[in-house]
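Participant: The following block contains the structure, expressed as structure tokens.
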Amino acid sequence: MTATLRLVGPLKEYANGRSELVVPSGLSVRQTLVGLGIPPEVVALVVVNEEQQNKDYILQEQDVVRVLAVIGGG
Amino acid sequence: MNGYGGSILRVDLNSGTISRQPTPAALARDFVGGRGFGLYFLTREVPVHADPLGSENKLIISSGPLSGMLIPGGGKCDWTTKSPLTGGYADASMGGHFTAEMKYAGVDSIILEGISPKPVYLFIDDRKVELRDATSLWGKGAIDVEVSLKKQYGEEYQIAAIGPGGENQVLYACINHDYGRQAGRGGVGAVMGSKLLKAIVVHGTQSIPVADLDAYRQAGMALYKACKDSDGLKDWTRYGTTIVVSWCDEVGALPTRNFSAGSFEGGKTLYGPVMREQIVVTDKGCFGCPCPCGKYSRMKRYGTQVEGPEYETIGMLGSNLGISDIQDVAQANLLCDDLGIDSISTGGCIAWAIECYEKGLLSKTDVDGLDLRFGNAEAVFAAIKLIATRQGKLGVLLSEGVKRAAQKVGNGSEKFAIQIKGMEQSAYATHNATAMLVSYMTCDVGAHHNRAWAITYDLQVGRDRVAPDKVARVIWLQNFRPMFDVLGACRLQWVELGIDRDLYMPALEAITGIRRSWEDLEKVGERIWNLARLYWQREIEDFGRDWDLPAPRFYEDPPTTGVTAGQITRFEDVQRLLDMYYEQRGWDANGAPTAETLERLNLTVVPN
């Protein structure tokens, strides 16, 4: 019962440079980020199976999730 | 000279004299290009205390060694002048395709000086350079002018033009290019208008000499491959800077109703995905860019289209004006672009005027009968037109920027005039984000975000912390990030796609034949930063610590709604931030670089 979490750009620093992690399903994106030591507020965009979701989305089995931080601004 | 167009083009609008000199190798070594060239010429050539809108001021357009090259994002050029808005240094970066054509015409910098006796435009076609009559273009919108000149000369000719805002010398008038790209801030368009220069047309066909062609190809391809392989490419292409809207709303950084809050109850309808679904027609990139972050949008309600809106415009003409309909924001964006006024400053000025009106500090007569309230898009459209044409009491008042307007209206309105050094703050609410606050306070053109975008750092390490590491982060960003404006490249590929910045160095070496490191370039960046500070000191008699203070709203007036409700940065902490900043910069307690600092940076005399 897992999902795939892809960390984009500087977020990789929170996972020792790894960009793809296998994470448990059944938790929200927010809970998953906290569990990985990533402050949820630095994540600007959550894309689940190519659709934008908010951080309260509950991960489903085999979901592919992309999370992206912004460091440059508008 | 490898990597450069090879000449400085000087246009004296007083006499119509046009001349070229070779680009000095020492200038390229010490100031590299772009913003470095601009500040060098400004400091050396514009007399002390020159009237920004007078004959003595100059407008300097500069490319860099990466401009026009096969480097991701090599489409940036830099516009430098003495700002009519702030009285200090102005430097505005512009994307698109202008810089590439300029360089292919053999030009590294265009120095525009004097005032033409009649409206003209500058025509550059390789070695042919002429001033041509622009009487028939005067009064037209910037986009109309571009359409007209492209029709006359062809699509390969690149155009930069002012609208009525520049002609009327609105102090924050901008320069428009490629239909939707701007040199936006500090009133560069007003300076161009003061010279009666309506537009620049440029086209070139010459090759840029490079030191090592094979190495250049390899280094360029490595940069493109890194962009293509980036996980962020898809989302930055899909949403561009509008990615930031929802995030800012969530963390309390989205300017709302004149920065009285950092979250907007109507914000969701301004988010990137909503905009993408409702109005975006296609994506648009600048020269050589693999990540087309620009968006063409169609506003069906108005029967119009625009490139944009970008995040900054959504923040300043949307939430900051209480407007929640993305079509309304895009329409206001179009008006600003075509009329040629900076959408950030325009949003800041109108938001202040609305607050004044709602508090009874401006009467119905003062606002020319408009129902000037937050959320009223029609009133905003009318106000934009009044500003650009300097018509009506409201248009005249706001055309000089929010600092001067607040000085005229008084009655406490200065406290909610959201500006630093006379420049309206761009679209990040900084009630409780101390690194971003000090970034705005110390920015070298006024309250602008792009030198040191430190707000993510605030969130990572504790947004209300007041500590030396925050200041150190801001200083490093200020030295480093503007180097992209020196090199003539967009920073998005590094900063958002996350490509390794060291990939740029082999490309720079292959192009110029000179090996440089980022550490070396950061020293150049520090030198430029300090020279800009000296420029402010030179031009403004009482320039000092007080000029670095933020709007009182951020230390006296906490938001009552949103995630930052009740939060401000205490004034004593604002002062502590400045103390730390000055100390780390090697500046004295009034913000002046010390003799030791100037000596270390070889700035004891004006560079030559």
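The values are calculated or read from the model by the stated rules, or taken from the named source; none is laboratory data. Source: prediction; values computed, not measured. Here Cβ is always computed from backbone atoms with ideal geometry, including for glycine, and neighbour counts include all displayed protein chains. The protein model used for the area step is the full one, side chains on, heavy atoms only, and it has no ligands, DNA or RNA in it. Shrake-Rupley method; radii C 1.70, N 1.55, O 1.52, S 1.80 Å.
Participant: Specify the residue that is nearest to B:T43 (Cα to Cα); the eligible residues are those in the range B:538-570 that are of a type in the set (G, A, S) and surrounded by fewer than 16 Cβ atoms within 10 Å (Cβ to Cβ).
Facilitator: B:G544
Participant: Considering only the range A:1-35, state which residues are closer than 14 Å to A:V48 by Cα, basic (K, R) and outside any strand (DSSP E or B).
Facilitator: A:R30 - this is the single residue of the range A:1-35 that is closer than 14 Å to A:V48 by Cα, basic (K, R) and outside any strand (DSSP E or B).
Participant: Take the conditions touching a residue at least 60 places away in the same chain (Cβ under 8 Å), of a type in the set (D, E) and over 26 Å from B:S426 (Cα atoms) and apply them to A:D56. Does it pass?
Facilitator: The answer is no for A:D56.
Participant: Enumerate the helices (runs of 4 or more DSSP H) found wholly within the range B:193-284, keeping only those where 2 or more residues are surrounded by fewer than 21 Cβ atoms within 10 Å (Cβ to Cβ).
Facilitator: B:213-229, B:233-239, B:272-278
Participant: Where residues in the range B:488-508 are surrounded by fewer than 19 Cβ atoms within 10 Å (Cβ to Cβ) and in a helix (DSSP H, G or I), which of them is farthest from the chain's Cα centre (by Cα)?
Facilitator: Top of the filtered list is B:P506.
Participant: Sticking with this one: Condition first: outside the structural domain of B:T81 (by TED's automatic domain parsing) and crowded, with 20+ Cβ neighbours inside 10 Å. Can you find one or more residues in the range B:591-600 that meet it?
Facilitator: Yes, the range B:591-600 contains at least one residue that is outside the structural domain of B:T81 (by TED's automatic domain parsing) and crowded, with 20+ Cβ neighbours inside 10 Å.
Participant: Considering every residue within the range A:43-60, establish whether at least one is part of a helix (DSSP H, G or I), out of contact with any Cys (no Cβ under 9 Å at 6 or more places or on another chain) and either open to solvent by less than 10 Å² (accessible area, probe 1.4 Å) or closer than 16 Å to B:K234 by Cα (or both).
Facilitator: Checked against the condition, which is being part of a helix (DSSP H, G or I), out of contact with any Cys (no Cβ under 9 Å at 6 or more places or on another chain) and either open to solvent by less than 10 Å² (accessible area, probe 1.4 Å) or closer than 16 Å to B:K234 by Cα (or both), the range A:43-60 yields no hits at all.
Participant: Shifting gears a bit: Just to be sure I understand the filter: pairs with C-beta atoms under 8 Å, separated by 6 or more residues or on different chains, first member in the range B:301-327 and assigned by TED's automatic domain parsing to the domain that holds B:K268, second member in a loop (DSSP other than H, G, I, E, B) and of a type in the set (D, E, K, R). Which pairs pass?
Facilitator: Note: pairs meeting the criteria are B:E307/B:D178; B:S319/B:R257; B:N320/B:R257; B:L321/B:R257; B:G322/B:R257; B:G322/B:R373; B:Q327/B:K300; B:Q327/B:R301.
Participant: Can you confirm whether A:A44 is under 21 Å from B:T242 (Cα atoms) and not polar (S, T, N, Q)?
Facilitator: The answer is yes for A:A44.
Participant: Follow-up. Taking the stated definitions as given, is A:L5 open to solvent by less than 30 Å² (accessible area, probe 1.4 Å), modelled with pLDDT of 95 or more and not acidic (D, E)?
Facilitator: Here the answer is yes, as A:L5 does meet what is asked.
Participant: While we're on this one: Within the range B:415-426, is there a residue that is closer than 23 Å to B:L171 by Cα and within 14 Å of chain A (Cβ to nearest Cβ)?
Facilitator: yes
Participant: What pairs come out if I take residues in the range B:485-499 that are more than 8 Å from every other protein chain (Cβ to nearest Cβ) and pair them with residues that are acidic (D, E) whose C-beta lies under 6 Å away, six or more apart or interchain?
Facilitator: Once the first residue is more than 8 Å from every other protein chain (Cβ to nearest Cβ) and sits in the range B:485-499, its partners that are acidic (D, E) give B:D485/B:D78.
Participant: Specify which of the listed residues (A:E41, A:E50) is within 10 Å of chain B (Cβ to nearest Cβ) and on the phi > 0 side of the Ramachandran plot.
Facilitator: None of the others qualify; the one that does is A:E50.
Participant: Of the conditions (1) over 21 Å from B:D557 (Cα atoms); (2) open to solvent by 10 Å² or more (accessible area, probe 1.4 Å), B:R481 fails just one. Which one is it?
Facilitator: Unmet for B:R481, out of (1) over 21 Å from B:D557 (Cα atoms); (2) open to solvent by 10 Å² or more (accessible area, probe 1.4 Å): (2).
Participant: Just checking, does the range A:53-73 include any residue being within 13 Å of another protein chain (Cβ to nearest Cβ) and of a type in the set (F, W, Y)?
Facilitator: Within the range A:53-73, not a single residue is within 13 Å of another protein chain (Cβ to nearest Cβ) and of a type in the set (F, W, Y).
Participant: Looking for something part of a strand (DSSP E or B), touching a residue at least 40 places away in the same chain (Cβ under 8 Å), out of contact with any Ser or Thr (no Cβ under 9 Å at 6 or more places or on another chain) and of a type in the set (D, E) - is there at least one such residue anywhere in the range B:128-142?
Facilitator: Yes, because at least one residue in the range B:128-142 is part of a strand (DSSP E or B), touching a residue at least 40 places away in the same chain (Cβ under 8 Å), out of contact with any Ser or Thr (no Cβ under 9 Å at 6 or more places or on another chain) and of a type in the set (D, E).
Matching residues to (1) open to solvent by 50 Å² or more (accessible area, probe 1.4 Å); (2) in a helix (DSSP H, G or I); (3) under 30 Å from B:K225 (Cα atoms):
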{"site": "B:M1", "(1), (2), (3)": "yes, no, yes"}
{"site": "B:Y4", "(1), (2), (3)": "no, no, yes"}
{"site": "B:L9", "(1), (2), (3)": "no, no, no"}
{"site": "B:S19", "(1), (2), (3)": "no, no, no"}
{"site": "B:R35", "(1), (2), (3)": "no, yes, yes"}
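Participant: Among the residues of the range B:291-306, are any at pLDDT 95 or above, over 30 Å from A:S19 (Cβ atoms), among the aliphatic types (A, V, I, L, M) and crowded, with 24+ Cβ neighbours inside 10 Å?
Facilitator: Within the range B:291-306, one or more residues are at pLDDT 95 or above, over 30 Å from A:S19 (Cβ atoms), among the aliphatic types (A, V, I, L, M) and crowded, with 24+ Cβ neighbours inside 10 Å.
Participant: From the set of residues in the range A:1-32 that are more than 16 Å from B:D229 (Cβ to Cβ) and polar (S, T, N, Q), which is farthest from the other protein chains (Cβ to nearest Cβ)?
Facilitator: Applying the filter and picking the extreme gives A:S25.
Participant: Could you count how many residues in the range B:530-548 are touching a Leu at 6+ places or on another chain (Cβ under 9 Å) and in contact (Cβ under 8 Å) with a residue 60 or more places away in the chain?
Facilitator: Residues that pass the stated criteria total 6.
Participant: Step by step: first the residues of the range B:325-341, then only those that are touching a strand residue (DSSP E or B) at 6+ places or on another chain (Cβ under 7 Å) and open to solvent by less than 10 Å² (accessible area, probe 1.4 Å), then the one that is nearest to B:V396 (Cα to Cα). Which residue is that?
Facilitator: B:I341
Participant: Anything in the range B:500-529 that is within 14 Å of chain A (Cβ to nearest Cβ) and of a type outside the set (K, R)? List them, or say none.
Facilitator: Selection gives B:D500 alone.
Participant: Residues that are in a loop (DSSP other than H, G, I, E, B), touching a residue at least 24 places away in the same chain (Cβ under 8 Å) and open to solvent by less than 10 Å² (accessible area, probe 1.4 Å): does the range B:378-401 have at least one?
Facilitator: Yes, the range B:378-401 contains a residue that is in a loop (DSSP other than H, G, I, E, B), touching a residue at least 24 places away in the same chain (Cβ under 8 Å) and open to solvent by less than 10 Å² (accessible area, probe 1.4 Å).
Participant: Residues that are open to solvent by less than 10 Å² (accessible area, probe 1.4 Å), at pLDDT 95 or above, out of contact with any Phe, Trp or Tyr (no Cβ under 6 Å at 6 or more places or on another chain) and over 27 Å from B:L398 (Cβ atoms): does the range B:124-133 have at least one?
Facilitator: Checked against the condition, which is being open to solvent by less than 10 Å² (accessible area, probe 1.4 Å), at pLDDT 95 or above, out of contact with any Phe, Trp or Tyr (no Cβ under 6 Å at 6 or more places or on another chain) and over 27 Å from B:L398 (Cβ atoms), the range B:124-133 yields at least one hit.
Participant: Moving on. In the range B:408-463, how many residues are in a loop (DSSP other than H, G, I, E, B), crowded, with 24+ Cβ neighbours inside 10 Å and small (G, A, S)?
Facilitator: Residues meeting the conditions: 9.
Participant: Is there a residue being in contact with a strand residue (DSSP E or B) (Cβ under 8 Å, 6 or more places away or on another chain), over 25 Å from B:I115 (Cβ atoms) and open to solvent by 10 Å² or more (accessible area, probe 1.4 Å) anywhere in the range B:37-54?
Facilitator: no
Participant: If you don't mind, another one. Look at B:D78 and say whether it is assigned to a strand (DSSP E or B), within 14 Å of B:G189 (Cα to Cα) and open to solvent by less than 10 Å² (accessible area, probe 1.4 Å).
Facilitator: Answer is yes for this residue.
Participant: Within the range B:150-179, track down each residue that is over 24 Å from B:G395 (Cβ atoms) and crowded, with 24+ Cβ neighbours inside 10 Å.
Facilitator: Of everything in the range B:150-179, those that are over 24 Å from B:G395 (Cβ atoms) and crowded, with 24+ Cβ neighbours inside 10 Å turn out to be B:Q158, B:I159, B:A160, B:H177.
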